[in-house]
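The values are calculated or read from the model by the stated rules, or taken from the named source; none is laboratory data. All of these numbers come straight from a predicted model, not from anything done at the bench. Don't worry about glycine lacking a Cβ; one is built from the backbone with ideal geometry, like all the others, and counts go over all protein chains shown.
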Amino acid sequence: MGGEKTKRVIFVTVGTTCFDALVKAVDSETLQKELLAKGYTHLLIQMGRGSYLPTKSEGDCNLVVDYFTFSSSIADHIKSASLIISHAGSIFETLKLGKPLIVVVNEDLMDNHQSELGEKLANRKHLYCASPQTLHQTIVDMDLNALVPYSPGDATPVAKHINRFLGFPDD
Amino acid sequence: MENGNGCCFSSVSSIATLSSVAVVVILILIRVLHVIYCSGRPLSKRASKPVSTLIILGSGGHTAEMLNLLAVLQKDRFNPRYYIAAATDNMSLQKAMMLENSLASESRIKVADTAQFMKIYRSREVGQSYITSVWTTLIATVHALWLMIKIRPEVILCNGPGTCIPLCVIAFIFKVLGIRWSSIFYVESIARVRRLSLSGLLLYKLWMADQLFVQWPQLQQQYPRATYVGRLM
């Protein structure tokens, strides 16, 4: 009795962008209750250039919530988290570290080409894809065990093509 | 009588001028078509020495993809390497420098001998008004011309943002004028699954890239002259 709960962190990141809609969405009591119910203990928000400040929180009955603006490398935060909720820019960094990921698409960005990639990878079950509005439902419905690990790509085919085109011998 | 002679002379000279202009235009067109035809084919000679390479960096994901590609290219073949990034992009050149520094320390050569790093003015910042953009695009083009005259690369590697367009257009003009033959390789970003980016589309439609690589198969179906190479990331 009274033992420590295992720390399970959700790391939210927007990189160097401004993505207030996502920060607002995770700053919701109902969403945080849902995360708590799923066994998460901490919520760490990297808010980048955004202007919306989330509410910090502590205590046994709530999710522990904290935030910061930038970090020199978010890789360490990703490694120590159990679930990542991120903008589209951190997709491959997260997938390469083998962490479960919910990609949230920023609809305010002109030319929303990043959504094509999020949708494609979600189709292949490498991650979940949501908008700030559908994030809550995605969290309710998600089954992280159903995610398929992502095998990293390979740049050697391009290199081969370029070499052959220029007349360099094949290795 | 004099008037009649005057009229005859001016109409003859204007026909002569028009004909010369027409001939020049036709010659340029033939030359352009010939350049496009040759660009699409692999170089006929086997490469015997290193090729000077211009690497155009874009922000964020673009740089990560480019660094992935550079990691598997034989550095002794693509040498010297010139890196260009947009003036407002601080991270990309730093990342390229880190790559070059680690290469140099491995092989004990000076970075300055094999790599140079430059910034270029952007044609247009995100959200900039279109009116001021005309002026900034002109400045960016002049700056690009200056850089290209200095570098005159044999190979150009680019993968996305608008920074590459003025440079590639100038490279194409250099080809047409016989100043320098650059093989232009464009790798469309992995984020482009169903449609090409604006830069990719321009280079494709204008037949300006020697090879345009795409990372998803449906793009190759839509753009048959593109080459599908699978995912880089």
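Structure notes:
- Among the residues of the stretch B:204-224, those identified as within 16 Å of A:Val158 (Cβ to Cβ) and either in contact (Cβ under 8 Å) with a residue 40 or more places away in the chain or within 18 Å of the chain's Cα centre (by Cα) (or both) are B:Ala209, B:Asp210, B:Gln211, B:Leu212, B:Phe213, B:Val214.
- Test for B:Lys175: is it of a type outside the set (Phe, Trp, Tyr), under 21 Å from B:Ala96 (Cα atoms) and either surrounded by fewer than 17 Cβ atoms within 10 Å (Cβ to Cβ) or over 10 Å from the mean Cα position of the chain (by Cα) (or both): no
- Restricting attention to the stretch B:88-116 and to residues that are small (Gly, Ala, Ser) and out of contact with any Asp or Glu (no Cβ under 8 Å at 6 or more places or on another chain), the residue that is surrounded by the most Cβ atoms within 10 Å (Cβ to Cβ) turns out to be B:Ser92.
- All positions within the stretch B:179-193 that are farther than 15 Å from B:Ser52 by Cβ and at pLDDT 95 or above: B:Tyr186, B:Val187, B:Glu188
- Test result for B:Gln211, farther than 19 Å from A:Gly89 by Cα, among the polar types (S, T, N, Q) and within 11 Å of another protein chain (Cβ to nearest Cβ): yes
- Search result, residues across the stretch A:153-171 that are at the interface with chain B (Cβ under 7 Å from one of its Cβ atoms) and farther than 17 Å from B:Asn159 by Cα: A:Arg164, A:Phe165, A:Leu166, A:Gly167, A:Phe168
- Scanning the stretch B:72-94 for residues that are within 12 Å of chain A (Cβ to nearest Cβ), closer than 21 Å to A:Gly89 by Cα and part of a helix (DSSP H, G or I) yields B:Asn90, B:Met91, B:Gln94.
- From the list B:Ser197, B:Ser133, the one residue that fits, being over 27 Å from B:Val25 (Cα atoms), modelled with pLDDT under 95, out of contact with any helix residue (DSSP H, G or I) (no Cβ under 8 Å at 6 or more places or on another chain) and within 12 Å of chain A (Cβ to nearest Cβ), is B:Ser197.
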